[in-house]
Amino acid sequence: MTIADYAARFRPQGAGMTAAPVATGTRRGAVATDPLLVASALALAAVGVVAVYASTRQQLMLQGIDPHYLMKHQIEYAIVGTVVMAVMARIDYHLLENVSWIVYGLLLASLLATFVIGSQALGAVRWIQFGPVQVQPSAFGAVLLTVVIAAYCSRTSQIGGRQYLTWKDLGVILLVSLIPILLVIKQPDLGSGMVMLVVLLVMLVVGGLPNRYTVLLVIAGALAAFAAIKLGLLHHYQLQRLTSFVGSSKSSSAAYNAQQSKAAIGSGGLFGTGLFHGMQVNLAYLPEAQTDFIFSVIGEELGFIGAVVVLGLSGIVVWRMARIARAARDLLGKVLVAGCIALVGFSVFENAGMAVGIMPVAGIPLPFVSYGGSALVAFFLAVGIALSVRARTGRLPRV
Amino acid sequence: MKPGFRRIPGRGRLRLGYGQVRAGRGRLRSGGGRFRLRRDSFARRVLDYLGVTWVVAMVAGLASRPSRPGQGLSPAKAEKPKVPRMKARRRLASRIFGRPDAAPKPDRRMGVVAIVIAVAFSLLVVRLYYLQVLDVHSFSAIVESNGLRLVQVSPPRGIIYARNSAVLAGDSVAEEVTVSRSTAATDPSVLVRLSALLGVPVSQMKSRLGSVLYSPYEPVPVDQNTSAADVVYLEEHASDFPGVSVAVKTVRQYPYGSTAAHVLGYVSPISDSELKAMQKQDPGQGYSASSQVGQAGIEGQYESYLRGMPGLERLEVNAQGNVVGTSTGTSPVMGDSVVLNLDLGLQQALESDLSGEIALLRKQGYPATSGSGVVMDPQTGAVLAMTSYPTYNPSVWVGGISEAEYQAITSESNGVPLLDRAIAGTYTPGSSFKLATATAALSDNLISPGYTYYDTGSFTIPGCSAGLCVYHNAAGEALGAIQLPLAISASDDSFFYNLGYMFWVNRGTYGDSPIQNMAQQYGFGALTGIDLPGEQAGQVDSPALRQALHKADPAAYPDPGWYPGDSVEMAFGQGMTLVSPIEMADAYSTFANGGTRYAPEIAAAIVSPEGKVVTRIAPKVMGHVNLPSSIRDPMLAGFEGAVTNPLGTAYGTFLGYPYSSLPIAGKTGTASEGHNLNASWFTGFGPVNNPQYVVSVVINKAGYGANGGAPVVRQIFQYLIGHPVQGVTIPSASQMRVPGSRTAGVPIHGPVTASSTFSGAHAYRRRSAGRTSG
């Protein structure tokens, strides 16, 4: 294959691939959807709104600001996210394949823009201002990357009717996806970069990467990470955070944060201290309570029960999306949803794992729960993509 | 290995021949093994999935000779010897392990991803269960220690009242500036700005911040009694002073300034040794390193009552070290108040009269370095007024005394104003001591009241050959034939020289120390038992004292012997005898009331904050002097004569005194050392028939007693004529409430808290910035 052939795989392949929504049997005209998935996502968002209020009201009051200030914002973000999800569910996901190169260009442009703005502002900037709206491109990085990779995977060669990725495909995908990932890490947003890497890996596996390449890829990734550490490409504090969960240095702020988070969750007990009664939260011992450590807020104030409910709702989201992925009619749909699953699943594991001290401290949001508009909309977008795939799939298998 | 049936994984039970057994050692040993894993077996699938198959195949391929692909491995199936090297190896791998290149099944892989996620989530649940259910207690403790600080709240101190309910030492609410230790550590520039505002040196603030005297959980006070202007400035510029707050504290307040300063004593921060002693002595009182403790006077004496019980407060402290709330605890209990016998007006009169007299004496050329006065009720021992000159204002102790202030109240050149000379200053009594000599002479029947002595103006010790043999009257007078009353009135020294000599000559009859014994009965040379700490007992000259002094300091007291001259001298209050003003007042009180020696008492009652009398302090009898009228009457006539008889030593001083309004009697005392007149005493009591007041005043280096002490005593009696001392009134509970009292240590609310709020917000913002770089 020539380079032109590989390049062609990013190009739109005409409208022939689009599929009409599958009507459910009961109501005419109604698009097949997944009410349980939507309900779980919305429930998580509702929990998030309450948790954001619980974790910010005390500090806002101390500053003399309306204690509902951030909560109100979170509600707005959730509404925007829900609309984005609904719109995405309506759009044929094959359209995404067609516009994947536009998506990729947008992603790169916005990431580069943050560097330009950042250099003008003489400091790291993660935000781009669109009128009154601030957008954090790195929050959308993973879900946009999903679209790009899925589009490529859907056009690969086949063996015995099954598509697989050659090592050249792998090289192209890596080349294409590592550029935004490195930009995100350089921002610096190590957490989002990590999520994107995991999403990439999962999509490659589902997209048909032979096992030996997967093994090689993991080994190469480990070597690259080792080299990055050795060559000092990572900031000292980033290393400290990544290693703090091992429990090495007690003095570092990362270890302190992890310790306070564990203490908050531990003191919650089975039923929690009660909503708005968490001492760690109210006395601001919990760092970044409304974003990175919101799971700790839930753990402290709502206890084991509350934390498990949040994990359970997240689990339902992953399960329903996995179900959609398996039933998807084509590899594009499967890989798309697989990316979304990886995004949500790994985010939950990393965020909650960090809060309970089994994962390194990396600032990534808890899906649908953490405060922040860009992240919330991005997660709803991921669910929207899954719903779009669901709408164009026949009867789902009973799982 | 023998041939026979074997169980081969993936192939079931097989019968193996010899060759097969030999070739089949180890399934993965080499590619040439006869027993391949069946492609769809579970073990094979796992290895396949993990990529192990592929890696092993690679290794196996490299280990074998690539120039002859397939040989020795599986020769029968090496069908294409012409394939390139790499391909041959890959083919080898597929020979051994089947086709790893089998097209992937996305759904199966999706399933594996889902399983991985499920396992990860289960891990989270297990971890949560461990943290929140199994190990919950250890974390609760961390959180408690994080956010809850147990802090002692010092109670308002009990009030000290005069007998007419005037507040002598009360509580007032003062504002003090405190700095949080964490802020001072992270932002030292705050201290510099604070120093510029308050004028407190940075070094002093730093030493306080590092001091163990202050609780580690509370902000450290760096400035007390902060002016209102500074407080307002801090409020308005709160953002410049993160971690700085203004706290309200109750402090001692002295509405009458220096009045009764020595009696009241003072309160100061507890020292390490005091803390240990207090905790040992009274563990329930809740003394801590930041406690204040009464150090002298009534504050020290009645510390256990005045102190009250500190409250305990559970402070909620946020991550920035700011107190954001208080939760339940015990509230502090105000200390009991002490009502004194002291009459405020009389006290003020005594102080102004004494200082006025000293000023007058100094104008006349006397050094008049110091003085003291005591007014007692001889019938109960109640101390109605007591002063020591020079004095000071006890408010210098409030909020910590400065080095300069401390120097000022303890330096010799200033006359050590801190010293309470009324109880701790001892002076040679001079003729005032004749009280004891006369009583001894009469009660031992050395002389009868009618005994007559012929005063020639001097007394020569019979048979004396060396040293001082001739003793002159102090004023050089020669009164001729005199008896005891006139000898007392005129303070005729020769008469008493003679008594001393007679006691010495007849020591076989009267013992070695007849005068000393009587002096002891009057309380001379011993603590009076006054309810004040730091009392210094005087001493009565005696052979034993000489021995003891010589033994203690041979250089200063070279001769331990006792000579007739010593007996002569001690008879009229010279020699080594020293008496404190309170001893003098107590001794004359004993004579005045007919022989009962009471302990002088400053406090009259202890009153609870509810206005209930906890303890009423009853008169305490310390001893008796047998004073039948045969003894007391001639002596009383002599004391009266001192004031009324033209020959009396104080006649001139009391000329024009309204004697009929308050008849008084008294005795001068003039201590001399060579020709230097040291202590000038006058002790008077009245009314003569039923004495209600004993007034004793001494002024150091002020000439004759009639000159120095007597005018003050006269002024006091004149004051008492117009202002007789009333009974003790117990203040009511409403009087006892501290104005605007708030518990100490808690930041006041309102704008000032903005400073702490600001620092909180500041840190909050900084951490938020930290998150975005994460």
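The values are calculated or read from the model by the stated rules, or taken from the named source; none is laboratory data. Note that the structure is a prediction, hence the values are computed from the model and not measured. Note that each Cβ is placed from the backbone with ideal geometry, even for glycine, and that neighbours are counted across all protein chains shown.
Scanning segment B:538-560 for residues that are buried (at least 18 other Cβ atoms within 10 Å of the Cβ) and hydrophobic (A, V, I, L, M, F, W, C) yields B:Val540, B:Leu545. The set of residues in segment B:122-137 that are more than 7 Å from chain A (Cβ to nearest Cβ) and closer than 27 Å to B:Leu315 by Cβ contains only B:His137.
This table checks each residue for (1) over 26 Å from B:Val725 (Cβ atoms); (2) modelled with pLDDT of 90 or more; (3) under 28 Å from the mean Cα position of the chain (by Cα).
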site	(1), (2), (3)
B:Ser355	no, yes, no
B:Met376	no, yes, no
B:Glu405	yes, no, yes
B:Ala422	no, yes, yes
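Within segment B:341-376, if we keep just the residues that are under 30 Å from B:Thr615 (Cβ atoms) and small (Gly, Ala, Ser), the residue that is surrounded by the fewest Cβ atoms within 10 Å (Cβ to Cβ) turns out to be B:Gly345. Entry remark, segment A:48-82: residues being of a type in the set (A, V, I, L, M) and either within 14 Å of another protein chain (Cβ to nearest Cβ) or within 18 Å of the chain's Cα centre (by Cα) (or both) number 8 in total.
Among the numbered conditions (1) part of a helix (DSSP H, G or I); (2) out of contact with any Leu (no Cβ under 6 Å at 6 or more places or on another chain), the only one that A:Leu111 does not meet is (2). Among the residues here, B:Ser458 does not qualify as modelled with pLDDT under 90 and touching a Lys or Arg at 6+ places or on another chain (Cβ under 9 Å).
Residues checked against (1) surrounded by 16 or more Cβ atoms within 10 Å (Cβ to Cβ); (2) at pLDDT below 90; (3) assigned to a loop (DSSP other than H, G, I, E, B):
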{"residue": "B:Ser661", "(1), (2), (3)": "no, no, yes"}
{"residue": "B:Asn678", "(1), (2), (3)": "yes, yes, no"}
{"residue": "B:Val697", "(1), (2), (3)": "yes, no, no"}
{"residue": "B:Leu720", "(1), (2), (3)": "yes, no, no"}
{"residue": "B:Gly760", "(1), (2), (3)": "yes, yes, no"}
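Among the residues making up segment A:273-310, those that are more than 7 Å from chain B (Cβ to nearest Cβ), assigned to a loop (DSSP other than H, G, I, E, B) and closer than 13 Å to A:Thr56 by Cβ are A:Phe276, A:Gly278, A:Leu286, A:Ala289, A:Gln290, A:Phe293.
Within the span defined as segment B:238-257, every residue fails to be of a type in the set (A, V, I, L, M) and free of Cβ contacts under 8 Å to residues at least 24 places away in the same chain.
Go through the residues of segment A:214-227 one by one and say whether even a single one is within 21 Å of A:Leu111 (Cα to Cα), under 24 Å from the mean Cα position of the chain (by Cα) and more than 14 Å from chain B (Cβ to nearest Cβ). Among the residues of segment A:214-227, not one is within 21 Å of A:Leu111 (Cα to Cα), under 24 Å from the mean Cα position of the chain (by Cα) and more than 14 Å from chain B (Cβ to nearest Cβ), which makes the answer no. Residue check: A:Leu197 meets all listed conditions (1) closer than 28 Å to A:Leu366 by Cα; (2) free of Cβ contacts under 8 Å to residues at least 12 places away in the same chain; (3) away from chain B (no Cβ under 13 Å) but one, namely (2). None of B:Thr528, B:Thr590 is within 24 Å of B:Ala424 (Cα to Cα) and either at pLDDT 95 or above or among the aliphatic types (A, V, I, L, M) (or both) except B:Thr590. Within segment B:348-398, the set of residues being in contact with an Asp or Glu (Cβ under 6 Å, 6 or more places away or on another chain) and either in a helix (DSSP H, G or I) or on the phi > 0 side of the Ramachandran plot (or both) comprises B:Gly381, B:Val396.
Look at A:Ser110 and say whether it is modelled with pLDDT of 90 or more, surrounded by fewer than 23 Cβ atoms within 10 Å (Cβ to Cβ), of a type in the set (Gly, Ala, Ser) and closer than 25 Å to A:Ser177 by Cβ. So A:Ser110 fits the description; yes. So if I check each of B:Ile96, B:Ile142, which one is farther than 30 Å from B:Gly611 by Cα, more than 11 Å from chain A (Cβ to nearest Cβ) and modelled with pLDDT under 85? Just a single option satisfies the conditions, and that option is B:Ile96. For segment B:238-259, the candidate set comprises residues that are at pLDDT 80 or above and part of a loop (DSSP other than H, G, I, E, B); within that set, the residue that is nearest to B:Gly158 (Cα to Cα) is B:Tyr254. Scanning segment B:239-281 for residues that are over 14 Å from the mean Cα position of the chain (by Cα) and among the charged types (D, E, K, R) yields B:Asp240, B:Lys249, B:Lys280.
Being at pLDDT below 50 and surrounded by fewer than 20 Cβ atoms within 10 Å (Cβ to Cβ) is not true of B:Gly674.
For segment B:500-533, filtering for residues that are within 28 Å of B:Val621 (Cα to Cα) and either surrounded by 16 or more Cβ atoms within 10 Å (Cβ to Cβ) or among the aromatic types (Phe, Trp, Tyr) (or both) leaves 22.
Of all residues assigned to segment A:359-370, none qualifies as being surrounded by fewer than 24 Cβ atoms within 10 Å (Cβ to Cβ), among the β-branched types (Val, Ile, Thr) and touching a residue at least 24 places away in the same chain (Cβ under 8 Å).
Select from segment A:194-219 the residues that are within 24 Å of A:Ala382 (Cα to Cα) and surrounded by fewer than 23 Cβ atoms within 10 Å (Cβ to Cβ) and list them in ascending order. Within segment A:194-219, A:Met194, A:Leu197, A:Val198, A:Leu201 qualify. Reported count of residues in segment A:140-160, each being buried (at least 24 other Cβ atoms within 10 Å of the Cβ) and of a type in the set (Gly, Ala, Ser), is 4. Working only within segment B:278-299, note down all residues that are modelled with pLDDT under 80 and of a type in the set (Gly, Ala, Ser). The answer is B:Gly284, B:Gly286, B:Ser288, B:Ala289, B:Ser290, B:Ser291.
So, A:Ile173, is that one crowded, with 17+ Cβ neighbours inside 10 Å, closer than 20 Å to A:Phe115 by Cα, in contact with a Gly (Cβ under 9 Å, 6 or more places away or on another chain) and among the hydrophobic types (A, V, I, L, M, F, W, C) or not? It is false that A:Ile173 is crowded, with 17+ Cβ neighbours inside 10 Å, closer than 20 Å to A:Phe115 by Cα, in contact with a Gly (Cβ under 9 Å, 6 or more places away or on another chain) and among the hydrophobic types (A, V, I, L, M, F, W, C).
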